[in-house]
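Structure, as structure tokens:
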Amino acid sequence: MENESQSYGQGDGGEDLYGYTGNPFEQMDYGLCKRCRRRTIDRSENPASELCKECREELIKLKIPPVFYLFAVITLFLMVFTILPSMGGFVNVFSYKNAEETSEEGFVITIMDNLVSILDENPDNIDVAIELTDVAMRYSYYEYAAYAIENFLAGQEVPDKVYYRINGYIDELNTYYDTLELNDSIWQELVDEWEDEEDVSGILSTYREKLSAYLGDTDYDQALLYYYLGSTTEDAESSIAYLEECVAINPCYYEAQAQIAVYYRRQGDLDKAREILEAVYATNKEDYSILRAYATLELAQGNVKDSIDYARRAYEAYPEGNYVVDTYAVALAANDRLEEAWELVEEYEDEGYAFDDDLYDFLDGKITLEDYYIGE
């Protein structure tokens, strides 16, 4: 059975904490960056960091000091009532005007990337910058919003209603990034103070106790706090309860949605898992964790032809994601492409990737898809 128990820093499953006796700080290296939610966390400079190298460098630029925010807000306020139209080219106009419709169809990342491309060519296009910010905030892709606000909107002339909206976004972004920093500081305290790093249960318990003190504090992102708690709780039912609190506050925490669906799939409640995935997939068809969770559900139910598309798209979106390579290999093998599956496995073995024993057992025909994807 595939090992997908919740663990700190995991996007849609991860290393098993039940009975785990390793170094939890070391295991955090296998988590996903809590900013971009795509690349692997880099702790080469800070052992308690939750960011990848790229996001840490970008955050230095994006985490604008409050004084700068105040200056930017004042500047925006002083320049209201005027907007600088600068649409550049028919293709750009078409992409911009279809942004909202395309994002509502679930192609959120595609439309944001398209809008970024337009801005790269037309940095004075305030309309596109506003649209990018709106879409990013609507789906909680905060890094895109921060990028648009700092690089294209701060200090520009905007209508008064846009000013108020952007001001609210800045408050929300500050809350989110402050929560990231709070989490980093708590882990840093544990790294500095904890003598027995093998006491996993004690470390995680202390971490949750410290983090729980901020529940209800509106200065911090409550959905993110519940996500952290769910990702570090060793009891599966308690973990899911935290994650459900997370998505109740913000349904756009797609990793949490995926983990909840994976939990129900493992429990054998495939209808519930499908209900969750169908709902979230309708809003975002490009998040790798949802694609990967959908692939495993189809595999568990024997819908192998349907599984390959989800698995391939998850792999193309983010091959470094937890169990993404494993899932793609299983989907290939299940679709009578065993040679390709082994080639994929061997490619990643050469790069030092460690697969679970169950993957090899499945590829060798020793266990079934049901054995692999359902049960504790």
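Residue by residue, here is whether (1) touching a Gly at 6+ places or on another chain (Cβ under 7 Å); (2) of a type in the set (Phe, Trp, Tyr); (3) in a loop (DSSP other than H, G, I, E, B) holds:
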| position | (1), (2), (3) |
| --- | --- |
| Val325 | no, no, no |
| Val330 | no, no, no |
| Ala341 | no, no, no |
| Leu344 | no, no, no |
| Tyr348 | no, yes, no |
| Tyr372 | no, yes, no |
| Gly375 | no, no, yes |
The range 141-175 - residue that is surrounded by fewer than 21 Cβ atoms within 10 Å (Cβ to Cβ) and of a type in the set (Ser, Thr, Tyr) and, of those, nearest to Ala248 (Cα to Cα) | Thr175
Limited to the range 318-360, what total is found for residues that are on the phi > 0 side of the Ramachandran plot and buried (at least 16 other Cβ atoms within 10 Å of the Cβ)?
-> 1
The condition from (1) within 29 Å of the chain's Cα centre (by Cα); (2) closer than 18 Å to Gly302 by Cβ that Arg337 misses is numbered (1)
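Is the range 201-210 home to any residue that is in a helix (DSSP H, G or I), touching a residue at least 24 places away in the same chain (Cβ under 8 Å), small (Gly, Ala, Ser) and surrounded by 20 or more Cβ atoms within 10 Å (Cβ to Cβ)?
No, there is no match, as no residue in the range 201-210 is in a helix (DSSP H, G or I), touching a residue at least 24 places away in the same chain (Cβ under 8 Å), small (Gly, Ala, Ser) and surrounded by 20 or more Cβ atoms within 10 Å (Cβ to Cβ).
Take the conditions open to solvent by less than 10 Å² (accessible area, probe 1.4 Å), within 30 Å of Val135 (Cβ to Cβ), of a type in the set (A, V, I, L, M, F, W, C) and touching a Phe, Trp or Tyr at 6+ places or on another chain (Cβ under 7 Å) and apply them to Leu190. Does it pass?
On the way: open to solvent by less than 10 Å² (accessible area, probe 1.4 Å): yes; within 30 Å of Val135 (Cβ to Cβ): no; of a type in the set (A, V, I, L, M, F, W, C): yes; touching a Phe, Trp or Tyr at 6+ places or on another chain (Cβ under 7 Å): yes.
Judged against the criteria, Leu190 is not a match.
What residue, among those in the range 118-130 that are open to solvent by 30 Å² or more (accessible area, probe 1.4 Å) and touching a helix residue (DSSP H, G or I) at 6+ places or on another chain (Cβ under 9 Å), is nearest to Phe107 (Cα to Cα)? Outline the logic, then answer.
Just the residues of the range 118-130 that are open to solvent by 30 Å² or more (accessible area, probe 1.4 Å), to begin with: 120-124, 127.
Narrowing the set further to residues that are touching a helix residue (DSSP H, G or I) at 6+ places or on another chain (Cβ under 9 Å) leaves 121-124, 127.
Values: Glu121: 22, Asn122: 22, Pro123: 23, Asp124: 25, Asp127: 20 Å.
Only one residue tops the list, namely Asp127.
Taking the residues in the range 230-245 that are in a helix (DSSP H, G or I) and not small (Gly, Ala, Ser) as candidates, determine which candidate is farthest from the chain's Cα centre (by Cα). Before the answer, list the steps.
Kept after step one, since they are in a helix (DSSP H, G or I), are these residues of the range 230-245: 230-232, 236-245.
Okay, now just the ones that are also not small (Gly, Ala, Ser), so 232, 237, 240, 242-245.
Numbers: Thr232: 16, Glu237: 21, Ile240: 17, Tyr242: 16, Leu243: 13, Glu244: 16, Glu245: 17 Å.
Once the filter is applied, the top-ranked residue is Glu237.
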Please list, ordered by first then second residue, the pairs with beta carbon atoms under 6 Å, 6 or more apart or interchain, first in the range 266-285 and closer than 15 Å to Leu299 by Cα, second among the basic types (Lys, Arg) and open to solvent by less than 60 Å² (accessible area, probe 1.4 Å).
-> Ala273/Arg265
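Given the residues Tyr169, Tyr214, Tyr220, Tyr176, which is the only one that is out of contact with any strand residue (DSSP E or B) (no Cβ under 6 Å at 6 or more places or on another chain), part of a loop (DSSP other than H, G, I, E, B) and under 30 Å from Ala129 (Cβ atoms)? Before the answer, list the steps.
Working: Tyr169 fails: part of a loop (DSSP other than H, G, I, E, B); Tyr214 fails: under 30 Å from Ala129 (Cβ atoms); Tyr176 fails: part of a loop (DSSP other than H, G, I, E, B).
Step by step, each of Tyr169, Tyr214, Tyr220, Tyr176 is checked, and only Tyr220 is out of contact with any strand residue (DSSP E or B) (no Cβ under 6 Å at 6 or more places or on another chain), part of a loop (DSSP other than H, G, I, E, B) and under 30 Å from Ala129 (Cβ atoms).
Only one of Tyr227, Tyr263 is under 28 Å from Gly375 (Cα atoms), open to solvent by 30 Å² or more (accessible area, probe 1.4 Å) and in a helix (DSSP H, G or I). Can you tell me which?
Values: Tyr227 fails: open to solvent by 30 Å² or more (accessible area, probe 1.4 Å).
Of the residues listed, the single one that is under 28 Å from Gly375 (Cα atoms), open to solvent by 30 Å² or more (accessible area, probe 1.4 Å) and in a helix (DSSP H, G or I) is Tyr263.
In the range 276-317, which residues are among the charged types (D, E, K, R) and open to solvent by 30 Å² or more (accessible area, probe 1.4 Å)? Before the answer, list the steps.
The first filter runs over the range 276-317 and keeps only residues among the charged types (D, E, K, R), leaving 278, 285-287, 292, 298, 305-306, 309, 312-313, 316.
If the condition is that a residue be among the charged types (D, E, K, R) and open to solvent by 30 Å² or more (accessible area, probe 1.4 Å), then Glu278, Lys285, Glu286, Lys305, Asp306, Asp309, Arg312, Arg313, Glu316 are the ones that fit.
The values are calculated or read from the model by the stated rules, or taken from the named source; none is laboratory data. Note that the structure is a prediction, hence the values are computed from the model and not measured. Because the Cβ atoms are built from the backbone with ideal geometry, glycine has one as well, and the counts that use them run over all protein chains shown. Surface accessibility is based on the protein's heavy atoms, side chains included, excluding ligands, DNA and RNA. Shrake-Rupley method; radii C 1.70, N 1.55, O 1.52, S 1.80 Å.
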